[in-house]
DNA sequence: CGGAAACTTGATCGAATTCAAATAAGGTGG
DNA sequence: CCACCTTATTTGAATTCGATCAAGTTTCCG
């Protein structure tokens, strides 16, 4: 939808910005990479993840249009996590140096940044609760509902249905599960008429029921 | 040590601050409470937690001297989580209104705030990885090491030993486990000579080994 | 000192993993 | 657009880590 350039409304100012386009399933940057840019996703979905020494992966968050890739990159060019495109993605980049200068001049930008940080932290807290204390079914239901809510605030949900480019592997890595178990749970959801997932789209068939599952143990 | 008033160095300015003291095992504020203050822990340990509808608890973080209780409270007086003292605690409070005014005038404060936010998010990310992909033993080892590191940066570690006021219940709630299992794991650590926990203190006897456990699956 | 909270230990259970193999869906080059 | 090859998904059986249930013991405060 439209060419959405960020929660921050940085586009309006005098700041230079560069746009890039990448295909699905590319690494936008790897963990440890150094960059001078601050990046915002304009179109498409991406996943931020860390890899464990044994090769397993933990996804930290999914980014949707409007999300900054890493607030950290405002102060530190070395990335903690890697970022992969799940769909074709367009993103725009701002120079960290310029942005920092801007921040010193105009504190409105700072207010916005702090708010974004806070929102990221609140989401992380929700995920911690989910991972720490919920069953596989509840975690997956909650992930779906969380994504619907975030996409909704950006006008990307129609009739309880939205783009859903996640593979079961992504859901597994995000919720600390195996693909095998994600498959079983999702088919249970299907059988019970909670959701319809097909062609990289999801439709919530029974919001009430899905919420009930998400709130259960 | 000393009477540490925060990562932010807010004390230096003209900002009014009030100090409060509470005993161990008190609720400093409950989830949903509304407050006009921004609070920083000066002495003692506290835990931030959310409660699930079935009564179980998930701890989001432990706060040690110097930590702000909630960055969110700069913008929103309603607290998402509750905060309990684990030891006797002294904390200081700043008026949100005044602080916001200060932030608009002096962007240095803003820089500091953004950095704190970022640090909180980075810690949350680590916890997510731990909960999502590690065994009980690895999670507990990692928690201990994380706390040692944070306390170390504030000069509160001596000879691999530091104050450790956590009950097994806290460790369980923080790492998504039961107290029964925490007990078993910690006794295993003891038996293997990794740590010595007694009288609300911990001593790391084999840092190497503990790190190995924390990095294992 | 007495009662409550915290910790320990054993037995049993269950949710999710692991291993293995079959089927389906998707992307690519010719 | 098809054939081929890779990547995803599904299904079953066996296993395991951590939960649950139940008692007993220890520690800590007030």
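Using the beta-carbon distance between residue A:135 and residue B:149 and R0 = 25 Å, what value does 1/(1 + (r/R0)^6) give for FRET efficiency, to the nearest 0.05?
For residue A:135 and residue B:149, the calculated efficiency is 0.20.
Express the relative contact order of segment A:1-130 as a whole percentage, based on alpha carbon pairs under 8 Å and six or more residues apart in sequence.
Computed value for segment A:1-130: 33 percent relative contact order.
Given only helices, namely DSSP H runs of n ≥ 4 each adding -39500 (n - 2.57), what is the per-residue ellipticity at 222 nm of chain B, to the nearest 500 deg cm²/dmol?
Roughly -12500 deg cm²/dmol at 222 nm, from the helical runs in chain B.
Roughly how tilted is helix B:136-153, in degrees to the nearest 10 and between 0 and 90, from the longest Cα axis of chain B?
With rounding to tens, the tilt is 40 degrees.
Exposure proxy check: B:173, A:33 ranked by fewest other beta carbons within 10 Å?
Sorted ascending by nearby Cβ count, the order is A:33, B:173.
Per residue of B:140-151, how many C-beta atoms from partner chains lie within 10 Å of its own C-beta, taken as a mean?
If you average over the peptide's residues, the count of other-chain Cβ atoms is 0.
Can you give the FRET efficiency to the nearest 0.05 for residue B:208 and residue B:188, using r as the Cβ-Cβ distance and R₀ = 22 Å?
0.85
Quick check: Cα centre of segment B:79-133 to Cα centre of segment A:54-68, how many Å?
Centre-to-centre (Cα) distance: 23 Å.
In which sequence would B:52, B:131 go, from the one with the fewest C-beta neighbours within 10 Å to the one with the most?
Result, fewest neighbours first: B:52, B:131.
Using only Cα atoms, locate the centre of segment A:176-191 and the centre of segment A:21-49, then give the distance between them in Å, rounded to an integer.
28
Based on other C-beta atoms within 10 Å, arrange B:206, B:130, B:82, B:70 from fewest to most.
B:206, B:82, B:70, B:130
Let me confirm one metric for peptide B:48-61, namely the mean number of other chain beta-carbon atoms within 10 Å of its residues' beta-carbons.
4
For residue A:161 and residue A:98, what does the FRET efficiency come to when R0 = 35 Å and r is the distance between their Cβ atoms, rounded to the nearest 0.05?
It comes out at approximately 0.30.
Suppose each label sits 7 Å from its Cα in the direction of the beta carbon; what would the residue B:198-residue A:179 distance come out to in nanometres?
Going by the 7 Å Cα→Cβ label model, 5.1 nm.
Sort shortest first the distances from residue A:16 to its counterpart in every other copy, using label points 7 Å along the Cα-to-beta-carbon line, and give them in nm.
With the label placed 7 Å along Cα→Cβ, residue A:16 yields 4.8 nm.
Sequence gap at least 6, Cα distance under 8 Å: using those rules, report the relative contact order of chain B to the nearest whole percent.
Over chain B, the number comes to 21 percent.
Taking the 0 to 90 degree range and rounding to the nearest ten, how far is the long axis of helix A:179-191 tilted relative to the main principal axis of chain A, both from C-alpha atoms?
Helix A:179-191 sits at roughly 60 degrees to that axis.
At 0.36 nm per residue, and after removing the present C-alpha to C-alpha distance, how many nm does the segment from residue B:107 to residue B:16 gain when stretched out fully?
The span from residue B:107 to residue B:16 would gain 30.9 nm if fully extended.
Readers should treat all values here as calculations from the given coordinates under stated rules, not as data from a laboratory. The shown structure was predicted, so the numbers you read here are calculated from the model rather than taken from an experiment. Positions of Cβ are backbone-derived with ideal geometry, glycine not excepted, and every protein chain shown enters the neighbour counts.
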